[in-house]
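Encoded as structure tokens, the structure appears first; notes follow it.
The values are calculated or read from the model by the stated rules, or taken from the named source; none is laboratory data. These numbers come from a predicted model, not from an experiment. Cβ placement follows ideal geometry from the backbone for every residue including glycine, while neighbour counts extend to all protein chains displayed. Note: areas computed on protein heavy atoms with side chains; ligands, DNA, RNA excluded. Shrake-Rupley method; radii C 1.70, N 1.55, O 1.52, S 1.80 Å.
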Amino acid sequence: MSAPGGVMYGAASGFTDGGFGSMDTDFDSVFLLSNGTINWPIVYMFGYRAINEMTVIGKQVTRNFYDVSDSTKGCSEGGREGWSQGQRAGEEYDGLVIGAPALRYGQQQANHLYSNVVEKTLDYYPPPCELEKIMNETISACDPLDGRNDGVVSRSDLCQLQFNMSSIIGQSYYCAASTTSSLGLGFGNRQSSSTEPAQNGTVSAEGVAVAQKIFDGLFDLKGHCEYIS
């Protein structure tokens, strides 16, 4: 979750503790009552109530301060919350901009593990910088295939047909040391940070094999590509 991400596009952004009691309280710490049963009011708060309450209050504050219209945007968990608000409190909004809503939780968890399984199966764990190089080169090659250079690969089908990821093998990569921090999504508001050392090398055939397998996507036992929500 990133408030500046909305503000930089001219939107008003807001945070909520999800009804968990504080911004430092995680969903999984309040999910169960002391007797081991599910804390359903908290589940409903996580599901839709907290966002609705934040919206009602946030709209009024925004109206008073900026005198602007009512709309909301989000993706992933924010996208799911956007759909929940459209279904349950549509009258509160003039518009909803929803991207990549995280709706199919059961399947999502399998897909979240897929890249790890690929690395384990192929027995190669690419340095983050190597994967970043492969990703950037793929975007550079496939971005224009939809007729527009905007940093987004919209025609992944044409990318699969027209771009050979093996062409990246042997290209050099370098990433400076970095430290990043993020606010956890979904189940609480965990603040986490990670540090990566400086990395350099050349893209390997093993790295491309891992990236290509992940890019191909997850298939079921009948050979059908699984939908990723």
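For the range 89-116, what are the residues that are of a type in the set (Asp, Glu) and either in a loop (DSSP other than H, G, I, E, B) or closer than 21 Å to Ala211 by Cα (or both)?
Of all residues in the range 89-116, those of a type in the set (Asp, Glu) come to 91-92, 94.
The answer is Asp94, and nothing else.
Filtered by the rule that a residue be modelled with pLDDT of 90 or more, open to solvent by 70 Å² or more (accessible area, probe 1.4 Å) and hydroxyl-bearing (Ser, Thr, Tyr), the range 168-204 gives Ser172, Tyr174, Thr202. The helices (runs of 4 or more DSSP H) found wholly in the range 13-69 and carrying at least 3 residues that are open to solvent by 70 Å² or more (accessible area, probe 1.4 Å) occupy 40-44, 50-66.
Just for the range 140-165: of the residues that are aliphatic (A, V, I, L, M) and buried (at least 17 other Cβ atoms within 10 Å of the Cβ), which one is farthest from Ser194 (Cα to Cα)?
Residues of the range 140-165 aliphatic (A, V, I, L, M): 141, 145, 152-153, 158, 161, 165.
Those left that are additionally buried (at least 17 other Cβ atoms within 10 Å of the Cβ): 141, 145, 153, 165.
Numbers: Ala141: 30, Leu145: 35, Val153: 28, Met165: 29 Å.
Within the range 140-165, the match that is farthest from Ser194 (Cα to Cα) is Leu145.
When the residues of the range 111-139 are filtered to those that are within 18 Å of the chain's Cα centre (by Cα) and touching a residue at least 24 places away in the same chain (Cβ under 8 Å), the one that is surrounded by the most Cβ atoms within 10 Å (Cβ to Cβ) is Leu131. What about Glu81, is it outside any loop (DSSP other than H, G, I, E, B), touching a residue at least 40 places away in the same chain (Cβ under 8 Å) and surrounded by 15 or more Cβ atoms within 10 Å (Cβ to Cβ)? No, not satisfied. The single condition from (1) modelled with pLDDT under 80; (2) of a type outside the set (Gly, Ala, Ser); (3) exposed (fewer than 14 other Cβ atoms within 10 Å of the Cβ) that Gln108 fails is (3).
All of (1) modelled with pLDDT of 85 or more; (2) within 24 Å of Ser154 (Cα to Cα) hold for Ile42 with one exception: (2).
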